[in-house]
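Asks: Here you go, one structure.
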2 protein chains.
Amino acid sequence: MQSLKRLLVGEPKATAQVPHERLSNPVALAVFSSDALSSVAYATEEILLVLVLAGATALTWSSGIAVAIGLLLLILTVSYRQTIQAYPAGGGAYLVSKDNLGVPAGLVAGAALLIDYVLTVSVSVAAGVAAITSAWPALYGQRVLLGIVAVAAIAIANLRGLRESGRLFAAPTYLFIISMLGLIVLGLARLLWGETPVVPLPSSPVVPVAAVTPFLILRAFASGCTALTGVEAISDGVPAFRKPEADNAKRTIAWMAGILLILFLGITFLAREYEVLPREGETVVSQLARMIVGTSPFYYVIQAATALILVLAANTSFADFPRLSYFLARDRFLPRQLVNRGDRLVFSNGVIVLALLASLLLVLFRGETHALIPLYAVGVFISFTLSQVGMVRRHLRLRETGWQRGILINGAGAVTTAVVLTVVGGTKFVNGAFLVVVMIPILVGMFYAIHRHYRQVAEQLRLKHFDLPPRATHAVLLLVSDVHMGILNALNYARAISPEVEAVYVSLDEEATKQMRLRWGLWSGGVPLVVLESPYRSVVQPLIEYVNKIQVERKVDFVTLVLPEFIPARWWHHLLHNQTALRIRAHFLFRKGTVVINVRFHLET
Amino acid sequence: MQSLKRLLVGEPKATAQVPHERLSNPVALAVFSSDALSSVAYATEEILLVLVLAGATALTWSSGIAVAIGLLLLILTVSYRQTIQAYPAGGGAYLVSKDNLGVPAGLVAGAALLIDYVLTVSVSVAAGVAAITSAWPALYGQRVLLGIVAVAAIAIANLRGLRESGRLFAAPTYLFIISMLGLIVLGLARLLWGETPVVPLPSSPVVPVAAVTPFLILRAFASGCTALTGVEAISDGVPAFRKPEADNAKRTIAWMAGILLILFLGITFLAREYEVLPREGETVVSQLARMIVGTSPFYYVIQAATALILVLAANTSFADFPRLSYFLARDRFLPRQLVNRGDRLVFSNGVIVLALLASLLLVLFRGETHALIPLYAVGVFISFTLSQVGMVRRHLRLRETGWQRGILINGAGAVTTAVVLTVVGGTKFVNGAFLVVVMIPILVGMFYAIHRHYRQVAEQLRLKHFDLPPRATHAVLLLVSDVHMGILNALNYARAISPEVEAVYVSLDEEATKQMRLRWGLWSGGVPLVVLESPYRSVVQPLIEYVNKIQVERKVDFVTLVLPEFIPARWWHHLLHNQTALRIRAHFLFRKGTVVINVRFHLET
């Protein structure tokens, strides 16, 4: 086990090695934007998937919806620049909500974020796998397996202590940005010169199953809102920027919003113009790329860059989930194991929990991006809304310079996100959003239950009028079954911890008992032997009764039970010996005022 | 767990309740003959199954073969009457072989018998299920499940301490004997009066795939020899007879042989005359019964009686296997757990092992009697032969009155059984007998390995020049992580077992360490605090190094490590606390010279 762990995770690192890297703006853009930018890979497709229910003509609505989402993006960006200004030490929704709206709101935001991080991993990995299986359709049947392998690989990289190191992240992110921009430019150029697609796609006739209703449009809008997931990432990571941190972060979030806007609007517009229909087995982006550049090497670059940035997006959750778990655990709302750093200075338990939950979702939803999407946006918009409302409360409370403008911005943000939350929750409720709505109160309830437990424990362990008594009284019983080296070894130990040891023998057979008395007298050096009768051949029962009797009669603080045991040289030898010591240990484990000591004698062969 | 066990197995019984029932001859016949008599249910069919390979005309050989097997039965019966005379305390093959031919021969007989008992259960249950599914063909698809349920039911009955009580056994055995005799008489009557079968059976034409060779005849004979399994049972159980035990047992074995002879020859003769062909889904006995009595109530009585006596036959192995295991374990050739009597005075571990092995065989061989038969007879004839050879040696050694006649009888028995063993082994080798030939040396090797281990343990535990030293020296370390009630409780205990306790603190954080020193000084009552640095945040590693250092420098006999621990009030609270104590315990478990003591503080809520 240990060597397997070393192979996967590497040698341990010293506590003093916790790094403090500062990132330049272009590198920070790459590090913090992969989640937001990568949603270009699936957001357009999710809009089309809803619209196509009303037939091919309904697809023309996509551009309008994309523009609405673009506006929302601008509002969010301006709002989050306020948050960056206010929380230069990092302003995640948990902290901002707890700080300004109180603990319950903070916990709701925390629960929403935890769910969100798990979904980011599942959705991103599912979409990344879809990018790969679009290019190599033979792999389509193995998508769940591929997804789980990807999650495991990311988890192991994180357990090894993968830092959000600039070099690693910059290359795939910029490769993605450049290849998408290139695709959009080429696509627009083809349209202008009126050229036909390189690879004409099979146009299967679409049978409308619904009408173009306002509800349908809202549903399409709600699906497209997944493009906005991750835009808050920069506001969480302000301390990683160079000085002046807040200014650099604000500049970077603006850049990110601009790039996201261009890519998302560009892809959605082209998809409409090229009349791409969403279909099983190939993503919309892949279809578009094949129509514009054919199955050229550039096509494969686009698919690879898409898959890579999606893996990076999943990876950001592997930094965020354990960090938020750490905050919650530090505040005693999650198990304290999540506070510990592992061998490689990572919050390893959080990484493992996240990997398991994300893999579970991939299995349950069969690695389908579309199936997971309805769950995704709800959590995001809950934390957006709480965060913005928190900012409004903060402006009201502090009344810093320009607080009126702040209220206006964050107020607009809060109202918009609240409205979108209602739309997302309402239109997607039956498709899966209800799961999140159910999970959040459950998680918050769990947080409080854990908190209550820790408070009760602390109360019980608190030192009050405690005077250390001069010495506790205790009775030491040595359980003997025979007279041999192992027993005398334990007797030796028992005499070391108390001058008054009592040997206890459970009698199962008259003849053997007679023998035992004789031999004990010869070898024990005067330690008294108590013989307990056992009509039902149980060793444990008479022992329990005897210990009861001692506790009642002698009023000692502790009864110590010394159990001689021998350790066989080979594992299968254990099968050849009675496991009486184990059973006795189990019986006394949860009993007050008794201490069980196993004294082991090691056999050589 | 405990309450489930009580429900299935019942309340424990006191050791003094071991019963000593004596059986009258008719009852003893029922108790000890179910194994032998029940083989009438399948032995004829096994002969026909081989002969039918050479076509329908070859079936006429069946009567001749049955007569040969009948002669063999007479020889065995006379031989075993000698064994009864010589071993009035019970003469199983293991004891007789070990006594007269030495330990290795005894172990071979023991291995053969253990295999045999497992097969008796599997074959009897499979045949019993076949009797039921012949009458209710709808159950045929569930035969493996039915078999396992039957084994489990018999095992539970035995774990409850089902005694071989006369009343329970007499009824089904005599019901079987009477209904079979009735069937034979009615069948013969029909033949004499020249009546046609009540239910004419579909006569599917048989395509011969083999010729009538001597090998085929020998194979059919070998298959039929399964009729002889269990004839030795009375010789194992002589002490259960009324006085004079040996005389009563000899009389009873003669009766049993007579009944078996009539039933087996009768059924085989009728099967030939009625031209019954073995076929899948219905046993030969069931076909015969339907031809003679139709599907009348009497037909169902026959099938039920057959199934019942087969269950009883399986049940005899549940008495024999644990008893033989007990003998082998007492002689240190099997794990000593097999010596213990369970709550209900039964050798429970043996019962459980037998049930598991028999169920495994039923699954592996899909509940098919025919598939199991080739394995069956080999083990039986190995133990027959060894037992008879042992008797010859005994006569030669003791030269009691009439020893020459004894040698003649047992010599004839030995030669006959050895010849049959060769025939059975040879003709059935590729069909499965080789499995038994392979298993026996493996089992004997295992017996010796276990024996060697126990001898080595005894040698290492033996008291030699051992003088109890005045008192062992020990160092007591108390591992502390904080200062609270749980820790002070453990400190209190540590001070009870030694006046010189040392508290050990693993430092993970400078600030916390400073706090700890301060608080320890205030509360510990002067117990020194050792602070261990841990650059890699491991609690276990620095502790191991410190214990090493103490063992080297202070040369103490024992280092005692006291671990404070608190026991949460609810099971799920365990998830909320670090399991450090558990990990430390695991690290020191197999280390010499260290003793780990968990001192527990019980939380109320």
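Values in this text are rule-based calculations from the coordinates and carry no lab data. Worth saying up front: this structure is predicted, and the values here are computed from it rather than measured. Here the Cβ is made from the backbone with ideal geometry for all residues, glycine too, and neighbour counts use every protein chain on show.
Asks: Tell me, A:VAL149, A:VAL301 in order of fewest to most beta-carbon neighbours within 10 Å?
Replies: Fewest-to-most ranking of A:VAL149, A:VAL301: A:VAL149, A:VAL301.
Asks: Once Lys and Arg get +1 and Asp and Glu get -1 on their Cβ, which of A:LEU543, A:PHE176, A:VAL78 lies farthest toward the positive end of the dipole of chain A?
Replies: About the Cα centre, the residue reaching furthest to the positive side is A:LEU543.
Asks: In percent, how large is the relative contact order of segment B:474-602, given Cα pairs closer than 8 Å and 6 or more residues apart?
Replies: 32 percent
Asks: Continuing with the same structure: If I stretch the segment between B:VAL415 and B:ARG554 completely, what's the gain in nm (0.36 nm per residue apart, minus their alpha carbon distance), one decimal?
Replies: That works out to 42.8 nm of additional length.
Asks: Taking just the C-alpha trace of segment B:474-602, give me its Rg and Dmax in Å.
Replies: In Å, with Rg to one decimal and Dmax whole: 14.3, 43.
Asks: Just to confirm the numbers: B:LEU192, label point 7 angstrom along the Cα-Cβ line, distances to the other copies in nm, shortest first?
Replies: 11.6
Asks: Oh, and also: For segment A:44-84, list residues with backbone N below 16 Å from a point placed 7 Å from the Cα of A:THR213 toward its Cβ?
Replies: A:50-55
Asks: Could you tell me which residue out of A:LEU312, A:THR416, B:ASN578 lies farthest along the dipole of the protein assembly as shown toward its positive end? Charges go on the beta carbon: Lys and Arg +1, Asp and Glu -1, centred on the Cα centre.
Replies: Positive-end residue among those listed: B:ASN578.
Asks: Additional query: Rounded, prolate or oblate: pick one for the protein assembly as shown, where a ≥ b ≥ c are the square roots of the eigenvalues of its C-alpha gyration tensor, a/c under 1.5 means rounded, and failing that, prolate if a/b is larger than b/c, else oblate.
Replies: oblate
Asks: Mind ordering A:82-90, B:547-555 by average Cβ neighbours within 10 Å, highest first?
Replies: A:82-90, B:547-555
Asks: To check my understanding: the extent here is largest minus smallest coordinate of the Cα atoms along each principal axis. What are those three numbers for chain B, in Å, largest first?
Replies: 110, 61, 46
Asks: Turning to a different aspect of this structure: Is it possible to state the helix-based mean residue ellipticity at 222 nm for chain A, with each DSSP H run of 4+ residues giving -39500 (n - 2.57), the sum divided by total residues, to the nearest 500 deg cm²/dmol? What is it?
Replies: So the helix-based figure for chain A works out to -21500 deg cm²/dmol.
Asks: May I pose another question? Nearest to the axis that maps chain B onto chain A: list the chain B residue whose Cβ wins, with the distance in whole angstrom.
Replies: B:ILE497, 2
Asks: If you count, for each residue, the other Cβ atoms within 10 Å and average over each peptide, how do A:238-246, A:308-316 line up from highest to lowest?
Replies: By packing density, highest mean first, the sequence is A:308-316, A:238-246.
Asks: Which of A:LYS13/B:LYS549; A:LYS592/B:LYS13; A:LYS98/A:LYS464; A:LYS592/B:LYS555; A:LYS514/A:LYS592 have a Cα-Cα distance over 28 Å?
Replies: A:LYS592/B:LYS13; A:LYS98/A:LYS464; A:LYS592/B:LYS555; A:LYS514/A:LYS592
Asks: Dipole of the protein assembly as shown, Cα-centred, from +1 at each Lys and Arg C-beta and -1 at each Asp and Glu C-beta, to the nearest 20 debye?
Replies: I would put it at about 2360 debye.
Asks: To the nearest 20 debye, what charge dipole does segment B:474-602 have about its Cα centre, counting +1 at the Cβ of each Lys and Arg and -1 at the Cβ of each Asp and Glu?
Replies: It works out to roughly 320 debye.
Asks: Using a label point 7 angstrom from Cα along Cα-to-C-beta, what distances in nm, from shortest up, separate A:PRO88 from the other copies?
Replies: The projected label point of A:PRO88 is separated from its counterparts by 10.7 nm.
Asks: Follow-up question, since we're still on this one. Under 15 Å from a point 7 Å along the Cα-to-Cβ line of A:THR401: which residues of segment A:73-93 have their amide N that close?
Replies: Only A:86 pass the distance filter.
Asks: Take every DSSP beta bridge with both residues inside the protein assembly as shown and express the antiparallel ones as a percent of the total, to the nearest 5.
Replies: Roughly 5 percent of the DSSP beta bridges within the protein assembly as shown come out antiparallel.
Asks: Using a 10 Å cut-off around each Cβ, can you sort B:TYR454, A:TYR299, A:TYR448, B:TYR117 from fewest to most neighbouring Cβ atoms?
Replies: The fewest-first ordering by Cβ neighbours comes to A:TYR448, B:TYR454, A:TYR299, B:TYR117.
Asks: Right, another one. Out of all DSSP beta bridges with both ends in chain B, state the antiparallel percent to the nearest 5.
Replies: 5 percent
Asks: Averaged over peptide B:491-500, how many Cβ atoms belonging to another chain are found within 10 Å of each residue's Cβ?
Replies: Mean inter-chain Cβ contacts per residue within 10 Å come to 5.
Asks: Also, I was wondering about something else. So the label point sits 7 Å from Cα along the Cα-to-Cβ vector; using that for B:LEU589, what distances do you get to the other copies, in nanometres, sorted shortest first?
Replies: For B:LEU589, the other copies' label points sit at 1.2 nm, shortest first.
Asks: Output the antiparallel fraction of DSSP beta bridges having both residues in segment A:474-602, as a percent to the nearest 5.
Replies: 0 percent
Asks: While we're here: What is the mean number of Cβ atoms from other protein chains located within 10 Å of the Cβ atom of each residue in peptide B:590-600, rounded to a whole number?
Replies: 4
Asks: Apply the membrane-span-like helix rule to chain B: whole DSSP H runs, Cα extent along the own long axis of at least 27 Å, mean Kyte-Doolittle hydropathy at least -0.5. List the helices found.
Replies: Flagged H segments are B:62-86, B:103-135, B:166-193, B:245-273, B:297-330, B:369-398, B:403-428, B:434-461.
Asks: Here's something else I'd like to know. When a footprinting reagent is the concern and you count Cβ atoms within 10 Å, what order do B:SER63, A:SER122, A:SER317 take, fewest first?
Replies: B:SER63, A:SER317, A:SER122
Asks: Please compute the Cα-Cα pair-distance distribution of segment B:185-338 with 10 Å bins starting at 0, giving whole percents from short to long.
Replies: For segment B:185-338, the pair-distance distribution reads 8, 25, 29, 22, 12, 4, 0.
Asks: I've got another one for you. Once Lys and Arg get +1 and Asp and Glu get -1 on their Cβ, which of A:LEU228, B:SER498, B:ALA36 lies farthest toward the positive end of the dipole of the protein assembly as shown?
Replies: B:SER498
Asks: Related question: Along the Cα-to-C-beta direction of B:ARG160, a point sits 7 Å from the Cα; which residues of segment B:124-144 have their amide N less than 14 Å from that point?
Replies: none
Asks: Counting partner chain Cβ atoms within 10 Å of every residue's Cβ in B:522-533, what's the average?
Replies: Counting Cβ atoms of other protein chains within 10 Å of each residue's Cβ and averaging gives 1.
Asks: Separate question: How much length would be gained if the chain were fully extended between A:ILE442 and A:LYS5, taking 0.36 nm per residue of separation minus their Cα-Cα distance, in nm to one decimal?
Replies: 153.9 nm
Asks: Something else about it: Treating only the Cβ atoms of Lys and Arg (+1) and Asp and Glu (-1) as charged, compute the dipole magnitude of chain A about its Cα centre; round to the nearest 20 debye.
Replies: It comes to approximately 1280 debye.
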